[in-house]
Amino acid sequence: MTPAMYRRNGWFPTVFDEFLNSDLMNTATTTAPSVNVKETEKAYIVELAAPGVKKEYCRVHIDEDHNLCVAIENKFEHKEEDKHSHYLRREFSYTNYEQRYTLPDDVNEEEINAKVEDGILTIELPKLQKVVGKTTKQIEIK
């Protein structure tokens, strides 16, 4: 997407613009996953790269300000024991990622769902159903 296309949608890129343009970006790239955002007729789809991350280490919720909150925690530990010298070697890494995204007004918060598959955390943000046709209502005069 070009920057102009990002601004057209408005809701997602403005959250990232501040993050991407900050001095922290150079250090944040080591733990911040790549993110794709797609829009279909019925939903917004957010995809976050999460290779090797189990679903138990992912948390997605809506906070009190109606923001989408995503947290990914990746723990990896490798143990290797050398039987001859009784040496125990441990290699481990731990990364933690948390981000809040401002949701568009047309997201149906009750129907949001998420899954982890093939190293991708996919969050589907269904859009609210638009009422087709005009509705009328008779107002009683008292």
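Quick notes on this structure:
- Estimated vicinal HN-Hα couplings, Hz - the stretch 43-60 in sequence order (Karplus 6.51, -1.76, 1.60; Gly, Pro = x): 7, 9, 10, 10, 10, 10, 5, 9, x, x, 8, 7, 4, 5, 9, 10, 10, 9
- Summing charges over neighbours of residue 62, with a neighbour being any other residue whose Cβ is under 13 Å away from its Cβ, gives -4 when K and R count +1 and D and E count -1.
- Value of Rg/Rh across the stretch 28-68 [Cα atoms, Kirkwood radius]: 1.01
- For residue 43, distant residues with modelled amide H under 5 Å away: 127
Read the figures in this text as sums done on the coordinates, not as results from a lab. Computed from a predicted model, the values in this text were never measured in an experiment. All Cβ positions, even for glycine, are placed from backbone atoms using ideal geometry, and neighbour counts span all protein chains on display.
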